Amino acid sequence: MLPLLTPGFVLTYDMVFVPRPRLTKALLGISGTLPRSVPTAGVVALTSRVLTGEVVQKLALLGIILAGAVGAARLVRGARPVARIGAGLLYVWTPMMYERLLLGQWAFLLGYALLPFAVSAALAFREGRPGGAWRLALALAATMAASPYTGLFGAAIAAAVALWPRGATPGLARRAVALAGVAVLMNLPWAVPALLHPAVPDRPAVAVEAFQARSDSPLGAVGSVLTLGGLWRPDLAPPGRETVAWIPAFVVIAGIGVLGFRGLRRRWPAGATDGLVAVAVLGVFLAVASSVPALRAAPLFLVRHVPGGGVFRDAQKFIAPAILLLAVAFGHGLERLHPPEGSRGVEARFALLALLPVALAPTLAWAAGGELFTASYPASWARAERIMAADPAPGAVLLLPWHAYVPLSWNRSRPVLQPGADYFSRRSVADGSLVVGPFVLPAEDPWARLAAPSVQGSGSLSPRLGRIGIRYVVLLKEADWRSFRSRIDGRPILETTELSLYRGPPRSRTPRLDEVPAAPVVAADAVTAAFLVIAAVGAVRARRRAGAAS
């Protein structure tokens, strides 16, 4: 990550950070779109007001690697440092990490990095350690705050590790009820708006097929997933993944993991390992099901009929529990192979074994081999923001060209999700339809759907702006921008090499749009916040009591 500590922002596909994100009710999920970034976007917006968006992004990227490695290493109990290093390195050095970083899915990866801490807290809860329940609540809150996806993963893994029955399990029902309550409370901030959101256009079968795992290796789609890759964008796979050069290293890693599984079962509480295995197996099934015609009915049913089932469409994400299981087993395998007394030569050989995960994606080094880099927003963006912010007239800003992802020349033409929606303080209207190869998923934002016929039509666009609630138009001089410029009447009020800013009619009609009701969302957030404070106080008190007793 060292190259990314230079000044500027890392802007790649879904990874969008801006200097000062706008604070709106949409950050709470009170909008007409699904709460995919609740509460993540709100946390980023608030912390950016204190640290700036640039610093927040760098801390998040460093946190993905450091937290993931340390968390996985801590799960290798009673082991030598070399065994813990091997486990931590394997957890964060995988083809999936490379692919998701390039795709810009930093929030999911940050939640992924926090999953080992949820497992650690679940083990403490299962073993009845002082403050275990409070620790588990805080760990689940952390995984949820990073991403709704990992909020679900964290709850599922924690429940399996803490509750999987093995022999006599007194108090199981009581612990199950307590854990279920904690998991529900911690996930309320995104679950409530997800359940209440107005109907949005969706094409479940198309979504499942568009985001199914795909082959990024010689092993096919299923083999690619089982070897920790298989993103739906195989063009983002690590260089060399299409060869067989990395396969011997994976075979050795898997072999050491199988060898270490016995040590894992011996050092973890009875039943905890079985719970993690069960979730890992289920995750692998969900990851490969959409790629196997005979199994595709399962993810289709979940996406169509389960509330919030859209989380099941991006298949590869579900291998996260399996990667965690393999990493911890790999660490215990290194511990088991290590002789009781080792010479310097033995230590050197085991150090090389611990570094073996690097062979799975060697170009992950140095910010994905230079594929990730920093760039700075042009000064013209700040000038446009000042002009629009000083205008008291209502109305949104229309962002053109009309593409969800824009290749910005000042960002080395790397496509990125329209940054103007976060950068400008006015409500932005931008294309939200998602194009994945031959598949097109409609936009969720009702204002974007309202504007789409006018923007995608022909003839002058200017007379229609007031009718769809548009006060300003920001035309970025990227991609096919010239085709839009010819449709906008008048002279821009700001003209630079990067953008043109146009002002529309002063009396723009704000359209009435369906959105989530505010009261239940605010109430859910208040309940979660109150319980989070109680959990933090409980954890501190339990730790003090344990320290006093020792």
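Matching residues to (1) over 22 Å from Gly275 (Cβ atoms); (2) touching a strand residue (DSSP E or B) at 6+ places or on another chain (Cβ under 9 Å); (3) open to solvent by 10 Å² or more (accessible area, probe 1.4 Å):
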position	(1), (2), (3)
Gly171	no, no, yes
Val182	no, no, yes
Pro193	yes, no, no
Pro198	yes, no, yes
Val225	no, no, no
Gly229	yes, no, no
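Is it true that Asp202 is on the phi < 0 side of the Ramachandran plot, open to solvent by less than 20 Å² (accessible area, probe 1.4 Å), assigned to a loop (DSSP other than H, G, I, E, B) and of a type outside the set (Gly, Ala, Ser)? Spell out how you get there, then give the answer.
Working: on the phi < 0 side of the Ramachandran plot: yes; open to solvent by less than 20 Å² (accessible area, probe 1.4 Å): no; assigned to a loop (DSSP other than H, G, I, E, B): yes; of a type outside the set (Gly, Ala, Ser): yes.
Against the criterion (on the phi < 0 side of the Ramachandran plot, open to solvent by less than 20 Å² (accessible area, probe 1.4 Å), assigned to a loop (DSSP other than H, G, I, E, B) and of a type outside the set (Gly, Ala, Ser)), Asp202 does not qualify.
For the condition under 29 Å from Ile247 (Cβ atoms), open to solvent by 10 Å² or more (accessible area, probe 1.4 Å) and either touching a residue at least 12 places away in the same chain (Cβ under 8 Å) or out of contact with any Lys or Arg (no Cβ under 7 Å at 6 or more places or on another chain) (or both), what is the one hit in Arg175, Arg166, Arg84?
Numbers: Arg175 fails: under 29 Å from Ile247 (Cβ atoms); Arg166 fails: under 29 Å from Ile247 (Cβ atoms).
Only one candidate qualifies: Arg84.
Only one of Pro307, Pro299, Pro269 is open to solvent by less than 10 Å² (accessible area, probe 1.4 Å), touching a helix residue (DSSP H, G or I) at 6+ places or on another chain (Cβ under 7 Å) and modelled with pLDDT under 95; which? Spell out the reasoning first.
Details: Pro307 fails: open to solvent by less than 10 Å² (accessible area, probe 1.4 Å); Pro269 fails: open to solvent by less than 10 Å² (accessible area, probe 1.4 Å).
Criteria check complete, one pass: Pro299.
The values are calculated or read from the model by the stated rules, or taken from the named source; none is laboratory data. Worth saying up front: this structure is predicted, and the values here are computed from it rather than measured. Backbone-built Cβ (ideal geometry, glycine too); neighbour counts: all protein chains shown. For the accessible areas, the whole protein counts, side chains as well, though only heavy atoms, and no ligand, DNA or RNA atoms are used. Shrake-Rupley method; radii C 1.70, N 1.55, O 1.52, S 1.80 Å.
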